[in-house]
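Here is the structure we will look at, set down as structure tokens.
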2 protein chains.
Amino acid sequence: MTVWILRLGHRLIRDSRTSTHLLLVARAFGANKVLYTGRVDKALEEKVQNIVDDWGGSFSIEYCSDWKIAVKEWKIKGGEIIHLTMYGLPIQKFIKKIRLSKKPKLVVVGGSKVPSEIYEIANWNISITSQPHSEIAALSVFLHEFFEGKELIKSFDGAKMKIKPQKRGKKIITNDEVKYPL
Amino acid sequence: MTVWILRLGHRLIRDSRTSTHLLLVARAFGANKVLYTGRVDKALEEKVQNIVDDWGGSFSIEYCSDWKIAVKEWKIKGGEIIHLTMYGLPIQKFIKKIRLSKKPKLVVVGGSKVPSEIYEIANWNISITSQPHSEIAALSVFLHEFFEGKELIKSFDGAKMKIKPQKRGKKIITNDEVKYPL
């Protein structure tokens, strides 16, 4: 299942950390790619690419100069648009229906200011609680529900390092150790 | 069930937005209170208090000058400590066991630098995937799993405003409208 994320209105410096969190969540929770609009941010792209290089998987990030074109193309190609917003319909009532359709998904997340057309163009406006909180949390819980928890055990090809879960402390195994365990 | 969050090592300016996200997630996903260490941040406290005033509930935030004392007192009073870390045991294998114990929960989240003693003192070191992502996402998915999705329909007493979920667009109803619907 193809799942891309569209992050709207990235701002330099101010959004640097929240966009980093959002991108890493997209990767860790099973999305294939993030498009972002707003300001081009090479430092952000590099930071995320470094994580991909070390921790594996084929996740990628790409700047998008015009969200309208991206969204229209997505729909023309037969994909669906899911906009995460606190004003939308509750995830718990609609996630089964969303999962049923096997069309590629573009999950849209704001963004300081979300253009009102997004609400119209989206196939789904979905809320993760109707309370103010965080687009990072909204995306993680959406993907967790969408993938039914299977994303928690996703493996990432070509990882140079992996964590071996521990009751206490930290254990990272590197590529060589994966190939030649002690 | 009492669930408090302990946010470690808050830094002024740099962590302002990520800590705000984290606190709002704690509130929206059903935690009662957040303790935070690091730098005192009155602007952060005020921002979150304003949300509580408008959107209801009894959530609170308090600065904690010494996490060791807070954690020890929590344990002495019979509570449990759950530390969220990418190095910990996978949530999907242990959440049932964690839910079973009815002891008050203190959920610890980093933080730029997490002291190694936390790993020792915690009853549980729990990972939400073993990939690098975001403490905001980790907290939201942990609480979502812990409360089994019931947090999504939590109501917040004394709210001045509420969202009425919509297929498209935004609808906020204020206190007066709740009392006297049009």
Take A:K150 and B:I13, extend 7 Å from each Cα along the Cα→Cβ direction, and tell me the distance between the two endpoints in nm. 4.6 nm
So what's chain A giving for Cα Rg divided by 2.2 N^0.38 Å, two decimals? 1.08
Multiplying the sequence separation of B:E62 and B:S101 by 0.36 nm and subtracting their Cα-Cα distance, what value in nm do you get? 11.5 nm
Using the Karplus curve 6.51 cos²θ - 1.76 cosθ + 1.60 with θ = phi - 60°, work out ³J(HN,Hα) for each residue of segment B:68-84 in order, rounded to whole Hz, and write x for Gly and Pro. 4, 5, 4, 5, 5, 4, 4, 6, 4, 7, x, x, 10, 10, 10, 9, 8
Within 10 Å of each Cβ in B:24-31, how many Cβ atoms from other chains are there, averaged over the peptide? 5
Here, A:T2 and A:K93, labelled 7 Å along Cα→Cβ, have an inter-label distance in nm of 3.1 nm
Only helices counted: for chain B, with every DSSP H run of 4 or more residues adding -39500 (n - 2.57) and the sum spread over all residues, [θ] at 222 nm is -11000 deg cm²/dmol
Here the whole-number average of other chain Cβ atoms within 10 Å per Cβ of B:124-130 is 6
A:G158 label points, 7 Å along Cα→Cβ, one per copy: pairwise distances from this copy to the rest in nm, shortest first? 5.4
Of all DSSP beta bridges with both partners in chain B, the antiparallel percent, nearest 5, is 10 percent
Out of residues 5 or more away from B:N125 or on other chains, whose amide H comes under 5 Å of its own, with H placed 1.01 Å from N in the peptide plane? B:H83, B:L89
Taking segment A:107-182, which trypsin sites (Lys or Arg not before Pro) meet the DSSP loop condition and have no more than 13 other C-beta atoms within 10 Å? A:K113, A:K160, A:K167, A:K171
List the residues, sorted by chain then number, that are 5 or more residues from B:S60 or on another chain and whose placed amide H is less than 5 Å from its amide H. B:K33, B:V34
Among B:K72, B:K105, A:K47, what is the fewest-to-most ranking by other Cβ atoms within 10 Å? B:K72, A:K47, B:K105
Residues A:R27, B:R39 arranged by fewest to most Cβ contacts within 10 Å: B:R39, A:R27
When the charge dipole of chain B is computed with +1 on Lys and Arg Cβ and -1 on Asp and Glu Cβ about the Cα centre, the Cα farthest towards its positive end, among B:V34, B:I69, B:H144, belongs to B:H144
Quick one: dipole size for the protein assembly as shown, taken about the Cα centre, charges +1 on Lys/Arg Cβ and -1 on Asp/Glu Cβ, in debye to the nearest 20. 720 debye
Per residue of A:156-166, count partner chain C-beta atoms within 10 Å of its C-beta, then hand back the mean as an integer. 3
I'd like the Karplus ³J(HN,Hα) series for segment B:142-150: coefficients 6.51, -1.76, 1.60, θ = phi - 60°, whole numbers in Hz, and an x wherever there's a Gly or Pro. 4, 5, 4, 6, 4, 8, 6, x, 5
If neighbour count is taken as other Cβ atoms inside 10 Å, put A:S101, B:S140, B:S127 in order from fewest to most. A:S101, B:S127, B:S140
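Laboratory data are not the source of any read-out in this text; all were calculated from the coordinates shown. Quick caveat, the model's predicted, so the values are computed rather than measured. Don't worry about glycine lacking a Cβ; one is built from the backbone with ideal geometry, like all the others, and counts go over all protein chains shown.
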